[in-house]
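I have placed the structure first, in the form of structure tokens, so that the comments after it can refer back to it.
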Ligand SMILES: Nc1ncnc2c1ncn2[C@@H]1O[C@H](COP(=O)(O)OP(=O)(O)O)[C@@H](O)[C@H]1O
Ligand SMILES: O=P(O)(O)OC[C@H](O)CO
């Protein structure tokens, strides 16, 4: 076989990565570059679209050179990306009209209130898109650019501007402007896409005042997105896989059937459960999103998604602000040095509380301190708080879907912490699988591309590649679990403002 590798481009919020996967699904090379975070005002977050592209294209060349792989050996490219982040550019010049407005940016809160403040309108938006109206999603960000960048609205109405999430921007760059397309998973995060029909929705476009001519064509996640034609880069490599990073991770974890779920432990946590061909609506503020499908699947597939705002970020806080650990990994050793937290609970509501509490005014607290409490107890309580928060989201998801989570696939930087995973398994009463290749996001993008070209034959072949290096099974008895959970809920109640 002359084609030996699939190249995944993982364009994340803080860095761009390129990862080479071989036929066994193992990583054969990886290159990574951070790029600038731009904070023009409190609560605003931007990226320079040119830096997104240059850092991403830079690591492609770097990974090929550093691993000694020839471009002819690369079967295809899969792209996965930070979602919702919004870029608008001029179709003729290829120049962005404004910086990328990042998913974390809160500048459009007032726009969302003005457009969706009426509960009947909000309900209609949710019914079509599966999303809870919020500045997080792309629609209000596009509107902000059209309303605030001089000449942008006129140019958009004349058909001169193109909108894209980061996948679309990268596809445009890689194909030399030949392809303006996105995939169904990224489209489902814009708040302009009808997730039932699988099409852009004119009513939503009118609501936000966005001309349809700006929108990319929507394609399946595993399919044809053109070939590379960027000057100075290997030419003619097919782009065959595209998915938003959380849906790519779900696919990479082989969660392609109803009830299968994954949780990514990064700065925050993203828990997604595949719900098959049924879009499950949440009664507790979780979002319904489109899942990435393997080739040949008819119609759309869906997932329920819930997130924890502060997870690994709490460990960073212990290190950088409190200074009670010197590295993230030290947290494990310290947590194990004590038998329990001595009744201490940490509620990391730095930016409020998400599902199922939805209290944006709540703030963090360390509770239950006694004279004997020491840093090990606090560090242990911090790790446990990550697991409690995930358990809250998981239980909410179980209620909404009617499906019990008995097995959870895990990944992300903090999933390297065995103490955390054992406690998570105990508190959830579910088994956890941590795959050997922890880069599930990149793996998902690679699988989507390699399935489209025939590099891998089918899902069964990919499932067979999956080697779990670690399983965690619940060891805690029900009484202890319930006691700890009750203590957590009491701690949460103490920080809530409503
Ligand atoms: N051994 C560990 N124990 C606990 N947290 C960890 C550990 N290693 C990394 N982390 C946390 O995981 C996060 C990094 O994970 P990563 O998946 O790279 O995040 P992201 O993609 O959100 O940037 C950081 O917040 C870090 O504090
Ligand atoms: O870039 P990440 O890994 O922080 O992921 C960001 C998410 O896609 C935002 O929805």
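Once Rh for the stretch 323-379 is found with the Kirkwood sum over Cα pairs, what is the Stokes-Einstein diffusion coefficient at 4 °C and 1.567 mPa s, in µm²/s? Don't skip to the end; give the middle numbers.
Values: Rh = 12.7 Å.
Reported coefficient: 102 µm²/s.
Distance from the Cα centre of the stretch 284-303 to that of the stretch 360-401, in angstrom?
30 Å
In what sequence do 489, 377 fall when counting other Cβ within 10 Å, fewest first?
By the 10 Å Cβ count, ascending: 489, 377.
Starting from the Cα-Cα distance between residue 350 and residue 326, subtract it from 0.36 nm times their residue separation and give me the gain in nm to one decimal. Write down the numbers at each step before the final one.
Details: separation 24, 0.36 × 24 = 8.64 nm, distance 2.12 nm.
Using 0.36 nm per residue and subtracting the Cα-Cα distance, I get 6.5 nm.
Using mean Cβ contacts within 10 Å as the protection proxy, how do 67-77, 234-244, 213-223 order, highest first?
On the way: 67-77: 17.7, 234-244: 23.5, 213-223: 21.2.
The densest-packed peptide leads the list: 234-244, 213-223, 67-77.
Is it possible to state the helix-based mean residue ellipticity at 222 nm for the chain, with each DSSP H run of 4+ residues giving -39500 (n - 2.57), the sum divided by total residues, to the nearest 500 deg cm²/dmol? What is it?
Numbers: 16 runs with 173 residues, N = 498.
When only DSSP H runs of four or more count, the value is -10500 deg cm²/dmol.
With a 10 Å radius around each residue's Cβ, average the other Cβ atoms per peptide and rank 275-286, 128-139, 337-348, 178-189, highest first. All intermediate terms of the calculation are to be shown ahead of the outcome.
Numbers: 275-286: 17.0, 128-139: 23.0, 337-348: 19.0, 178-189: 26.1.
Going from most to least packed, we get 178-189, 128-139, 337-348, 275-286.
What ranking of 17, 83 emerges when the number of other C-beta atoms within 10 Å of each C-beta is taken as an exposure proxy, fewest first? It would help to have the intermediate numbers written out before the result.
Values: 17 21, 83 26.
Ascending number of Cβ neighbours within 10 Å: 17, 83.
Estimate the FRET efficiency between residue 48 and residue 477 by the formula 1/(1 + (r/R0)^6), using the beta-carbon distance for r and 41 Å for R0, to the nearest 0.05. Spell out each step's value before the answer.
Values: r = 53 Å, r/R0 = 1.30.
Taking R0 as 41 Å, the efficiency between residue 48 and residue 477 is 0.15.
Quick one: grab Rg to one decimal and Dmax as a whole number for the chain, Cα atoms only, in Å.
22.2, 69
Roughly what angle does helix 119-129 make with the longest principal axis of the chain, taking Cα atoms, 0 to 90 degrees, to the nearest 10?
Roughly 70 degrees, rounded to the nearest 10.
Subtract the Cα-Cα distance of residue 489 and residue 363 from 0.36 nm times their separation in residues, and report this length gain in nm to one decimal.
Working: separation 126, 0.36 × 126 = 45.36 nm, distance 1.49 nm.
Full extension from residue 489 to residue 363 adds 43.9 nm.
In percent, how large is the relative contact order of the stretch 5-237, given Cα pairs closer than 8 Å and 6 or more residues apart? Please list the in-between numbers first.
Details: 440 pairs, mean separation 41.6, N = 233.
Relative contact order of the stretch 5-237: 18 percent.
Find how much the distance from residue 467 to residue 407 grows on full extension, using 0.36 nm per residue of separation minus their present alpha carbon separation; answer in nm with one decimal.
Numbers: separation 60, 0.36 × 60 = 21.60 nm, distance 1.56 nm.
Additional length available on full extension: 20.0 nm.
Where the centre of each part is set by its Cα atoms, how far does the stretch 109-157 sit from the stretch 229-261, in angstrom?
The stretch 109-157 and the stretch 229-261 have Cα centres separated by 27 Å.
Nearest 10 degrees, 0 to 90: what angle lies between the long axis of helix 478-495 and the longest principal axis of the chain (Cα atoms)?
In the chain, helix 478-495 runs at an angle near 70 degrees to the longest axis.
Just so you know, all these numbers are worked out from the coordinates, no wet-lab data involved. From a predicted model like this one, the values you see are computed outputs, not experimental measurements. Using ideal geometry, Cβ is built from the backbone for each residue, glycine included, and neighbour counts are taken over all protein chains shown.
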